[in-house]
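Contents: one structure, followed by commentary.
What follows is calculated from the coordinates using simple rules that are stated; it is not laboratory data. Small disclaimer: the values here were computed from a predicted structure and weren't measured. Every residue, glycine as well, gets a Cβ built from its backbone with ideal geometry; the counts of neighbours run over all protein chains shown.
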Amino acid sequence: MKIIVAIKQVPARDSLLHIEQSGLRIDKEGLSYEINEPDAYALEEGLELKEKHGGEVVALCAGPARVSQVIREALAKGADRAIHIEDDRIEDLDPLTLARLLASAAAPERPDLILTGLQSDDLGYGQTGVILAELLGLPHATIVMDVDKADGGIQVKQELENGWFRHVEMPLPALLTIQSGIKKLRYATLMGIKKAKTKEVRHVTAAEFGGVPQGGGTIRIRRLYPPGRTKRTQLFDGAPKEAAARLVEKLRTEARVL
């Protein structure tokens, strides 16, 4: 089974984010980076499927030269090889334009299964995986919690609302977007880190797949700003029982935490 896992490098969760003076982008000066958390779980699922059923795992990553950090991490954890689509403008692409680049790189590999994270921690569109499936003409399932091999295909467990799940059988090839937390993530071993240095990383440019459109894609950001900080104190007068009842009503109807 050949499995492609699409991974993304994002700012570390504990990074202090600042907006550029233009108001259109996050200032990347001094940021530290890590693998997108949902993608880390997609990688783990791919590695476990390979260990159970054989085959290979190919990490697919798009971005500037520094994304080699997360590519090396994927190789150290057990991916067999990697494809790096390199272009400094890729991080600002919308999901459709990015998915077109990923589809161009993935199609010649003829994978049995493509795994992506459910969404990215930085932009959170949650669309790249399903658009990629549409471009490649693949059946797909989202918010996947478990994957099992079945006769002639796979069986997946999808998370629905209010604690409900759905089990679906799908033919191969297919694409799945993986939910965070489905498995315990492995650490890269010292032996894995050493082996990663000898594994193949194929570097390609976005220009080889039609390039990045002038202006970066189909989405235009008009303004980027942090959420406003507002504080409001409300006092409830009257008897304690009355005040408590009004507080509960506010928590239920306005704050919606009950």
Quiz item: Given (i) 0.99; (ii) 0.96; (iii) 1.07, which label gives Rg/Rh (Cα atoms, Kirkwood Rh) as computed from the coordinates?
Solution: (iii)
Quiz item: What number, in percent, do you get for the relative contact order of the stretch 2-209 if the mean sequence gap of Cα pairs under 8 Å and at least 6 apart is divided by its residue count?
Solution: 26 percent
Quiz item: Where does helix 68-77 land angle-wise versus the long Cα axis of the chain, in degrees 0 to 90, nearest 10?
Solution: 80 degrees
Exercise. In a Gaussian network model over the chain where Cα atoms closer than 10 Å are linked, find which of Gly238, Gly30, Gly124 has the largest mean-square fluctuation.
Key: Gly238
Quiz item: Farthest toward the dipole's positive end in the chain, which of Gln21, Thr198, Ile143, given Cβ charges of +1 (Lys, Arg) and -1 (Asp, Glu) about the Cα centre?
Solution: Gln21
Practice problem: Please label the shape of the stretch 115-258 as rounded, prolate or oblate, based on the square roots a ≥ b ≥ c of the eigenvalues of the alpha-carbon gyration tensor (a/c under 1.5 means rounded; beyond that, a/b larger than b/c means prolate, else oblate). | Solution: prolate
Exercise. Take the chain, connect every pair of alpha-carbon atoms lying under 10 Å apart with a spring to form a Gaussian network, then pick out the residue of Pro38, Pro240, Pro139 with the largest mean-square fluctuation.
Key: Pro240
Quiz prompt | Cα-centre dipole for the chain with unit charges at Cβ (Lys and Arg positive, Asp and Glu negative), debye to 20 | solution = 500 debye
Quiz item: What are the ³J(HN,Hα) values, in whole Hz, obtained from phi via the Karplus relation 6.51 cos²θ - 1.76 cosθ + 1.60 with θ = phi - 60°, for each residue of the stretch 29-37 in sequence order, with x given for Gly and Pro?
Solution: 5, x, 6, 9, 10, 8, 6, 4, 4
Practice problem: Rank the residues His84, His18 as a footprinting-exposure proxy: fewest other Cβ atoms within 10 Å of their Cβ go first. | Solution: His18, His84
Exercise. May I ask you to sort Asp121, Asp39 by Cβ crowding, counting other Cβ atoms within 10 Å and putting the fewest first?
Key: Asp121, Asp39
Exercise. May I ask which of Lys149/Lys197; Lys28/Lys194; Lys149/Lys195; Lys149/Lys199; Lys52/Lys77 have a Cα-Cα span longer than 21 Å here?
Key: Lys149/Lys197; Lys28/Lys194; Lys149/Lys195; Lys149/Lys199
Exercise. Could you tell me the distance between the Cα centroids of the stretch 63-139 and the stretch 40-54, to the nearest Å?
Key: 17 Å
Exercise. Work out from phi, with θ = phi - 60° and the Karplus expression 6.51 cos²θ - 1.76 cosθ + 1.60, the ³J(HN,Hα) of each residue of the stretch 4-11, listed in order in whole Hz, and give x for Gly and Pro.
Key: 9, 10, 7, 10, 9, 9, 10, x
Quiz item: Under 5 Å between amide H atoms, partner at least 5 residues away or on a different chain: which partners does Arg81 have, H built in plane at 1.01 Å?
Solution: Val57, Ala59
Quiz item: Toward the positive end of the charge dipole of the stretch 2-209, about the Cα centre and with charges on Cβ (Lys, Arg +1; Asp, Glu -1), which of Ala62, Leu47, Ala99 goes farthest?
Solution: Leu47
Self-check item: Loop GluC sites (Glu not before Pro), the stretch 69-119 (other Cβ atoms within 10 Å of the site Cβ: 12 or fewer; DSSP)
Solution: none
Quiz item: Taking other Cβ within 10 Å of each residue's Cβ, how do Arg222, Arg81, Arg100 sort, fewest first?
Solution: Arg222, Arg81, Arg100
